[in-house]
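What follows is a short report on a single structure.
The values are calculated or read from the model by the stated rules, or taken from the named source; none is laboratory data. The structure presented is a predicted model; accordingly, all values stated were derived computationally and were not measured. Methodologically, a virtual Cβ is constructed for each residue, glycine included, from the backbone with ideal geometry; neighbour enumeration extends over all protein chains shown. These accessible areas exclude ligands, DNA and RNA; they are computed on the full protein's heavy atoms, side chains included. Shrake-Rupley method; radii C 1.70, N 1.55, O 1.52, S 1.80 Å.
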Amino acid sequence: MKRKRLFIIDAYSLIYKSYYAIKNLSTKEGFQTNAIYGFVRSIMKVLKVKSPDYFIIAFDSKKPSFRKDLFSEYKANRPVMPEDLQDQIPIIKDLVKAFSIDSIEIPGYEADDLIGVLSTIHSVDKEVSIVSSDKDLYQLVNDNVCVLDLQKDIEINRAKVIDKFGVPPEKIPELFGLAGDTSDNIPGVMGVGVKTGSKLISEYGTLEKLYENVENIKGKLKDKLIRDKDNAFLSRDLATIKTVISEDIDLNEYHNENIDRGLMEEILTRLEFISILNDLFPDRTGFTGDYGYITEVTEFDDFISRISKSEKICIDLETTGIDPISAEIVGISISDSPEFGRYIPIRHDEGDQLEPELILSKLKLIFEDEKIKKIGHNLKYEYIILSRYGIKLSGIYMDTMIAAYLLTPTNPRTGLDAVSLEYLHLKKTPIKKLIGEKKSTQKSFSEVLIEDAYNYACEDVDAPLRLEKIFHKELIDLELFKLMEELEIPLVSVLAEVEMNGVKVDLEHLSKLEKIFQEKLKALTIEIYNLSGTEFNINSPKQLSKVLFEDLKLPSKKRTKSGLSTDIEVLTKLAEDYPIAEKLLEFRKHTKLLSTYVIALEGLVNERTGRIHTSFNQAVTATGRLSSSNPNLQNIPIKTEEGREIRKAFIPGDKDHILISADYSQIELRFLAHFSEDPELVEAFNKNLDVHSRTAALIFDIFPEFVTSEQRRIAKKVNFGIVYGQTPYGLSKELGISPKKAKQFIANYFERYKRVELYIRDTIECAKEQKFIRTILGRIRHIPELFAKNANIRSFGERIAVNTQLQGSAADLIKKALIEIHSEFKRLGLQTKIILQVHDELVFDVPLAEVEDVKRIVRDKMENSMK
């Protein structure tokens, strides 16, 4: 007969692991939820994957255990539980009740002892799994008891305990008697580690037998054992988990259907764990509405008649791929009211469908009608594809991806599935259900049957219309609607055109660079082999670590899980004294440039356009800056000669064109001057002085003409350090000086720029009062870190507040300038194309005949779009 399975959770092991593994997770109000989230996800994993027959969670008691009476210093080295973790414990216990899982907490007993009693009693007739990362519990392992590492899904059985410690589970207390346990402050025998301890226990079996024969042990080891004999026996007592206690422990069978749904929904909604809520109760999710598909001409004409009279419509395209430059339309879904949707298939492999030309010609009139407001989720994608079909999407009113981002810019989950979960509490049909789970075997949407596709497609237009009502109110309430309407929405079509323009690259130049870099890497390889005295795989951290630290005996203090580190920080430090480290840094630099840029760029040229088309993301960065991906063209290196050679590969689109780049100068420092109104900073910019030399003169208390290049370098780091909220420690690392000296530089800075310090203080106070910070155009960022009980997290929140206002305002400015430049180019009918935005810089592909006009327009709009 198959044994039933009991799972015992070591509560605080799971709680602490979750707390430290998950960073900066909190509600919008700033309540920290990281430990709760990790704990709940772990419980759900056990329930889903392991299906326990019995389930119990053991908590440590607040009352000290008997071990504290045996040894007052027991666990004395453990830090006090962080306050923001303490606040999460009562909620975790409430959730355990909501799950209807048995829990146990007995005054004076540690969870380990309760687990020991439970596993001993129930292993007689059940399979017992102890979910914990605490190695103390390994002593409980037997043929019917294992310790489960839930994250790695590894079961620690008897063989694995022996392999890890060299002794069987029942001998672990004997071993800890000798080796001690630093995590619990168990002393053991000083100078005896696990390796020596396991040999002694393997030979003698117990401490009693060992000390009966201690005279047979030679050398210093005998002296250590005799000296710390009392500690050895004490440590064994401390390490031994109780398996019998006088209190009764009840255990009930576990059934999922006993979950207290009302309590669970109330807690999880309060914590904003909507994804967990929907995973727990799949029956509460899912869109329903009047959905259908159109394959008849008369039905299509009736539908066109309906939507042509609508005030607003939502549109979404189903396509053959995710790249809008090359994807083809498979079907079009449209809705003009919530809980309604129609799908018009045009290129499915099977099924009756209307002619694409007929569909698109009639929809063109509606899509280009500015009076009909357009709603969608990530409409830039639709804009680009429709443009390729000769349709200009006009009248864009709301993009729900951008709206969700504006409301919570720190939330990375802006896809329609995630946003629907968060705001509508509804779960969309996952695309993988239609095209397949595995990427390697996924099919195109054109292969999906129309009968299966239409419901999914209609959800894609129903969801944004439902969201629009919620977002409109929230954007108005938070004074964000104007920012969306006047900045972010106009930017959609501008960025779409920038992406379609693409960037031309000189493939011949890249090919030459590839050869040069390959030759350089060959030469560096030979030099590294000569300096090391051996040949090895330079790209293997393991082999490199062996060569540097074992063969060459170079010093290293940084260790990773896999051994001694060979990261850039380690090599940079070593390069000060060892030529091989310098060559390794050079090797890595050239390897990265070759693979990440030279070879990668060659493969990213679109076959149809002959250009590289990046994607500009409006809904990614917390500050409002645009980011670039697939590929990222905002991080092409420029500081090194090799980087500049790579930049030369970007060329004008035609032989009678040139590239023009326009870059704001020290824009974030200018915003600092604007917001702080510091007279020294304002004067520096108004008189067009070198602001870094000016700062150097002030903080070093010398005349500007006597400022050295090194002093200017330091002042530059301080200037930007202030913008990014750098700590004295961070500045000291950046400058290679002591934290004390860095602190003095910062103090000197604030002594000279008094209003800057006042501005920073006022900004932080304002952010605390409002619970968010605003940029110059009203963009917001919630900063829950400001209310964390952990001082380090609070300090991080303060730095975020200042940096977001400055960097976010700079982002507002360049977006506004970009829109106005694009509009002016269109008004004048210029052929110039905007091809890139790189943070504070815009790049244009300009016909020679338009150069002077473009220079004038760009300078005017960039300087005057915001005063």
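Remarks
- Among the residues of region 621-647, those that are over 21 Å from N501 (Cβ atoms) and either charged (D, E, K, R) or part of a loop (DSSP other than H, G, I, E, B) (or both) comprise T621, A622, T623, G624, P637, I638, K639, T640, E641, E642, R644, E645.
- Criterion (surrounded by fewer than 19 Cβ atoms within 10 Å (Cβ to Cβ) and among the hydroxyl-bearing types (S, T, Y)) met by exactly one of S823, S809: S823
- If the condition is being part of a helix (DSSP H, G or I), open to solvent by less than 70 Å² (accessible area, probe 1.4 Å) and of a type in the set (D, E, K, R), then region 73-98 contributes D84, K93, D94.
- Matching residues in region 723-751 - criterion: being under 17 Å from R670 (Cα atoms) and touching a residue at least 60 places away in the same chain (Cβ under 8 Å): V723, Y724, G725
- Flag if N803 is surrounded by 15 or more Cβ atoms within 10 Å (Cβ to Cβ) and either of a type in the set (D, E, K, R) or closer than 29 Å to T33 by Cα (or both): yes
- Some residue of region 404-412 being out of contact with any strand residue (DSSP E or B) (no Cβ under 9 Å at 6 or more places or on another chain), modelled with pLDDT of 95 or more, open to solvent by 30 Å² or more (accessible area, probe 1.4 Å) and assigned to a loop (DSSP other than H, G, I, E, B): no
- Scanning region 826-840 for residues that are modelled with pLDDT of 95 or more and open to solvent by 30 Å² or more (accessible area, probe 1.4 Å) yields K826, R827, L828, G829, L830, Q831, K833.
- A count restricted to region 343-361 and to residues that are assigned to a loop (DSSP other than H, G, I, E, B), touching a residue at least 60 places away in the same chain (Cβ under 8 Å) and crowded, with 16+ Cβ neighbours inside 10 Å stands at 4.
- Residue match in region 477-488 (condition: farther than 25 Å from E820 by Cβ and either part of a helix (DSSP H, G or I) or touching an Asp or Glu at 6+ places or on another chain (Cβ under 6 Å) (or both)): yes
- Unmet criterion (only one of (1) touching a residue at least 40 places away in the same chain (Cβ under 8 Å); (2) surrounded by fewer than 17 Cβ atoms within 10 Å (Cβ to Cβ)) for D163: (1)
- E437 open to solvent by 10 Å² or more (accessible area, probe 1.4 Å), assigned to a loop (DSSP other than H, G, I, E, B) and either β-branched (V, I, T) or farther than 23 Å from L277 by Cβ (or both): yes
- Extreme residue, most open to solvent (accessible area, probe 1.4 Å), among residues of region 281-327 that are assigned to a loop (DSSP other than H, G, I, E, B), free of Cβ contacts under 8 Å to residues at least 60 places away in the same chain and closer than 25 Å to T429 by Cα: I322
- Selection from region 845-864 of residues that are closer than 15 Å to I819 by Cβ, open to solvent by less than 20 Å² (accessible area, probe 1.4 Å) and not β-branched (V, I, T): M862
- Close pairs (9 angstrom Cβ cut-off, 6 or more residues apart or separate chains): under 18 Å from L681 (Cα atoms) in region 696-715, of a type in the set (D, E) and assigned to a helix (DSSP H, G or I) anywhere: A697/E705; L698/E680; L698/E751; I699/E751
- Checking each residue of region 239-249 against the condition of being assigned to a helix (DSSP H, G or I), at negative phi and crowded, with 16+ Cβ neighbours inside 10 Å gives at least one match.
- Leading residue by the ranking (surrounded by the fewest Cβ atoms within 10 Å (Cβ to Cβ)) among those in region 362-382 that are part of a strand (DSSP E or B) and touching a helix residue (DSSP H, G or I) at 6+ places or on another chain (Cβ under 9 Å): K374
- Screening Y138 against (1) in a helix (DSSP H, G or I); (2) in contact with a strand residue (DSSP E or B) (Cβ under 8 Å, 6 or more places away or on another chain); (3) open to solvent by less than 20 Å² (accessible area, probe 1.4 Å); (4) not small (G, A, S) leaves a single unmet condition, (3).
- Of all residues in region 585-604 being part of a helix (DSSP H, G or I) and among the hydrophobic types (A, V, I, L, M, F, W, C), the one that is farthest from the chain's Cα centre (by Cα): F587
- Across region 532-548, the qualifying residues are those that are assigned to a helix (DSSP H, G or I) and open to solvent by 80 Å² or more (accessible area, probe 1.4 Å), and the one among them that is nearest to I599 (Cα to Cα) is P541.
- Considering S246, S333, S275, the condition of being hydroxyl-bearing (S, T, Y) and at pLDDT 95 or above is satisfied by S333 alone.
Here's the yes/no breakdown for (1) over 18 Å from Y381 (Cβ atoms); (2) surrounded by 14 or more Cβ atoms within 10 Å (Cβ to Cβ):
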{"position": "D452", "(1), (2)": "yes, no"}
{"position": "P464", "(1), (2)": "no, yes"}
{"position": "L480", "(1), (2)": "yes, yes"}
{"position": "K504", "(1), (2)": "yes, yes"}
{"position": "S511", "(1), (2)": "yes, no"}
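- For E576: the one exception among (1) surrounded by 15 or more Cβ atoms within 10 Å (Cβ to Cβ); (2) charged (D, E, K, R); (3) not in a helix (DSSP H, G or I): (1)
- Meets criteria (part of a strand (DSSP E or B), modelled with pLDDT of 90 or more and either farther than 19 Å from I43 by Cα or within 40 Å of the chain's Cα centre (by Cα) (or both)) for L148: yes
Okay, residues lined up against (1) open to solvent by 20 Å² or more (accessible area, probe 1.4 Å); (2) among the aliphatic types (A, V, I, L, M); (3) farther than 24 Å from V492 by Cα:
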{"site": "K558", "(1), (2), (3)": "yes, no, yes"}
{"site": "T566", "(1), (2), (3)": "no, no, yes"}
{"site": "K583", "(1), (2), (3)": "yes, no, yes"}
{"site": "R588", "(1), (2), (3)": "yes, no, yes"}
{"site": "L593", "(1), (2), (3)": "no, yes, yes"}
{"site": "F616", "(1), (2), (3)": "no, no, no"}
{"site": "N632", "(1), (2), (3)": "yes, no, no"}
{"site": "N635", "(1), (2), (3)": "yes, no, no"}
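- Considered as a group, the residues in region 33-72 that are hydroxyl-bearing (S, T, Y), outside any helix (DSSP H, G or I) and farther than 26 Å from D237 by Cβ include one that is most open to solvent (accessible area, probe 1.4 Å), and that residue is S51.
- Any chance T640 is under 28 Å from T572 (Cβ atoms), open to solvent by 60 Å² or more (accessible area, probe 1.4 Å), among the β-branched types (V, I, T) and out of contact with any Ser or Thr (no Cβ under 8 Å at 6 or more places or on another chain): no
Okay, residues lined up against (1) modelled with pLDDT of 90 or more; (2) closer than 30 Å to V851 by Cβ:
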{"position": "L659", "(1), (2)": "yes, yes"}
{"position": "R670", "(1), (2)": "yes, yes"}
{"position": "P679", "(1), (2)": "yes, no"}
{"position": "A684", "(1), (2)": "yes, no"}
{"position": "P704", "(1), (2)": "no, no"}
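- Any pair with Cβ under 9 angstrom, 6 or more apart, that starts in region 65-87 at a residue that is at negative phi and of a type in the set (D, E, K, R) and ends at one that is open to solvent by 80 Å² or more (accessible area, probe 1.4 Å) and at pLDDT 75 or above: E83/K789; D84/K789; D87/K789
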